[in-house]
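The structure appears right after this line, and notes come after that.
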Amino acid sequence: MSDSNTGLVPGPSTGPLTTPTKRAAFAASADAGPSRVRLAGASPAYSSRRHSLYGIEDRVVIDPGSRVWKVGFSGEPDPRSVFHSLDSKDVEETRATEAWDLDLSLMGGVNGDRVEGDRLVGVRVVKKLREAYVKYLMTDSKARKVIILENTYLPIAVKEHIARALFDNLHVPSVSFTPSSLLALVACGRITGLVVDVGWLESTITPVYHSRPLYMLSRSTPLAGRKLHRHLRTLLHHHAIYIPPPSSLGNIHDRPRTKGLPMDVLSDEFIERVLTESCFVGNIHLNSVVEEEDQRMDIDEPSTEESESSRIAQEWEKRYADSSTAKDLSFRIPSRSGFGPTTIMVPGWIRERVAELLFTDEEGSEDQSILKMILDCLSKLPIDLRPPLISSLLIVGGTASLPGFIPRLRISLLHHLLPPPTPSTDPHPKHPLNTTESRREEASQWKKKSREPYKEIYGLASSLAIINDPSPVDGKSGNGPRWTPGLMGWVGGSLAGALKTSSNEITRESYDTSLSHSIARGEVYKEELDLSSIEISTSLGINIEDLKVGRALGGGDDEDEYGTKRKRGWRDHVVGMDDWTRGAVKV
């Protein structure tokens, strides 16, 4: 009798009990992957002979996002858990949709106070890290090293809170902040490529060359998941069909239909459901240019938030409603009153064209589209780096998981990288130099050049290849693994942890030493500042702290009891300066 499965089959067994052996997590098997159920004893984090009670071979891989966190062990094909960064209670109290913002003073519930935002981020980070270890990982934090996926523009304050929580609260052995763009390429077996991360707060384009992210050439745009959610809420608020539940059993088939949804129905959970279950990215809309008369606005008429959202909703309906071929889709949500659920009809053109926000540059908006950011990044790259980077384009991020997103991005890039059609022969011969006709020809050439801002990268169209393209048209694309774009970075971190090839580690001892040195330097600086303040006060005969805002030492008619007068441009008893462009400065 073969004993290869001894100890793996539950129930009574006649063979000896042995420790389950480690299974290759990244082997080419139909059982591996995020869509398969994990087998009992398949994880190397619990079942390998190489690990003792205090072993630190397998590392904890954490992908902290502003909206979604992913945690798990290295060597595994998918994370142990994927959960939101905010609890329902926190969302109700602060009305926030993310754990932090790029500017901490703009966070929900802090009223513009950056200090309160920093404190709130620290509380949320500690809570989620403890929850990850206790509820999902169920392991001792002191026995395993940690790999943190660092986004390109992750705020420094958030990194400090993560390091402080891991070292001071959970007492981990070491922490390694590794670029998420590099780890996403590692998951595909590459070390060079152009990584497009379409997340929640922002979309980033990061070029990576030979395992080195080129941060000076990276680009970012706020057109990402958060703005897509807000735009979908605006369109549903004005154009979706609301069918309330019947008030009695006699009018089940005779219910009124109202265009537009009330805002209390458009919760974050419902918007997420509509976006993930019904929306997709359509093909390029050739007639996306709105007529000039439809774009005219009365500048004298005051614009409110409601009127602006109504204008945007009407403009999008005129632009896409007639040309869409998608069908309407109905959703049922529970109602608080009535007999049965509430029915909501989502128009087909909203399902197909809501993601156009990420691919087009709106009139009057300062936010550049993802497409333009990619092209700008390519045009700023050195010439010798452009072909290898555009031939290894990788699309990651949760928002990029929308059906049709990657094929649409490929078609849009080719549309801008191919030169416009021109006649084969020039019907007008060249005119002699220094003549009126030659100057007109030169002016027309300059105008044509301004209409083609990406002419210098036209030759890259033949090299374009997306690694994780689900529907490649040639043999160069579609060679990436089958993980979704949202999991690509975490899988790379799991692989890097299994191969022990993460970035530089920060040990607990070095962190404590650096922290003590920083505190000592701060105390020395504070003592020197106090001494200098005392010396200045002694020499001038006035306490620096008694000076009001906008006051300085000096003689004059408007001296106060301290011998100071108001500085030029400062208003009395007000923190701030007068507007220098509206009149003369009073002395």
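The values are calculated or read from the model by the stated rules, or taken from the named source; none is laboratory data. The model shown is predicted, which means the values in this text are computed figures rather than measured ones. Every residue, glycine as well, gets a Cβ built from its backbone with ideal geometry; the counts of neighbours run over all protein chains shown. Keep in mind that these areas ignore ligands, DNA and RNA; they rest on the heavy atoms of the full protein, side chains included. Shrake-Rupley method; radii C 1.70, N 1.55, O 1.52, S 1.80 Å.
For the residues L413, L418, L393, the requirement of being farther than 26 Å from G492 by Cα and in contact with a Leu (Cβ under 7 Å, 6 or more places away or on another chain) singles out L413.
Restricting attention to region 474-511 and to residues that are open to solvent by 60 Å² or more (accessible area, probe 1.4 Å), in contact (Cβ under 8 Å) with a residue 12 or more places away in the chain and over 24 Å from E150 (Cα atoms), the residue that is farthest from the chain's Cα centre (by Cα) turns out to be K476.
Residue-wise test of (1) modelled with pLDDT of 90 or more; (2) in contact with an Asp or Glu (Cβ under 6 Å, 6 or more places away or on another chain); (3) over 22 Å from F73 (Cα atoms).
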| residue | (1), (2), (3) |
| --- | --- |
| A96 | no, no, yes |
| A99 | yes, no, yes |
| G122 | yes, no, yes |
| I147 | yes, no, no |
| K159 | yes, no, no |
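Taken over region 320-342, residues that are open to solvent by less than 30 Å² (accessible area, probe 1.4 Å) and within 13 Å of H285 (Cβ to Cβ) amount to 3.
Can you confirm whether R233 is surrounded by fewer than 18 Cβ atoms within 10 Å (Cβ to Cβ) and outside any strand (DSSP E or B)? So R233 fails the test.
Flag not set for L223, criterion: without any contact (Cβ under 8 Å) to a residue 40 or more places away in the chain, surrounded by 17 or more Cβ atoms within 10 Å (Cβ to Cβ), among the hydrophobic types (A, V, I, L, M, F, W, C) and part of a loop (DSSP other than H, G, I, E, B). Find the residue count for region 324-343, including only residues that are part of a loop (DSSP other than H, G, I, E, B) and in contact with a Phe, Trp or Tyr (Cβ under 8 Å, 6 or more places away or on another chain). Within region 324-343, residues that are part of a loop (DSSP other than H, G, I, E, B) and in contact with a Phe, Trp or Tyr (Cβ under 8 Å, 6 or more places away or on another chain) number 2.
For region 369-391, give me the residue count where each residue is open to solvent by 10 Å² or more (accessible area, probe 1.4 Å), over 30 Å from E277 (Cα atoms) and not acidic (D, E). Residues meeting the conditions: 9.
Residue by residue through region 192-220, note down the ones that are open to solvent by 30 Å² or more (accessible area, probe 1.4 Å) and in contact with a Lys or Arg (Cβ under 9 Å, 6 or more places away or on another chain). Selection gives W200, L217, R219.
The set of residues from region 184-224 being out of contact with any strand residue (DSSP E or B) (no Cβ under 7 Å at 6 or more places or on another chain) and over 25 Å from N479 (Cβ atoms) comprises W200, L201, Y215, M216, P222.
A residue that is touching a residue at least 24 places away in the same chain (Cβ under 8 Å), in contact with a helix residue (DSSP H, G or I) (Cβ under 8 Å, 6 or more places away or on another chain) and either part of a helix (DSSP H, G or I) or under 21 Å from G497 (Cα atoms) (or both) occurs somewhere in region 258-268. In the set (1) open to solvent by 20 Å² or more (accessible area, probe 1.4 Å); (2) touching a residue at least 60 places away in the same chain (Cβ under 8 Å); (3) more than 24 Å from H239 (Cβ to Cβ), the condition left unmet by I406 is number (1). Would you be able to say whether some residue in region 78-98 is more than 16 Å from I156 (Cβ to Cβ) and in contact with a Pro (Cβ under 7 Å, 6 or more places away or on another chain)? Yes, region 78-98 contains at least one residue that is more than 16 Å from I156 (Cβ to Cβ) and in contact with a Pro (Cβ under 7 Å, 6 or more places away or on another chain). Any idea which residue in region 145-157 is farthest from A498 (Cα to Cα), counting only those that are open to solvent by 30 Å² or more (accessible area, probe 1.4 Å) and in a loop (DSSP other than H, G, I, E, B)? In this case the residue turns out to be Y153.
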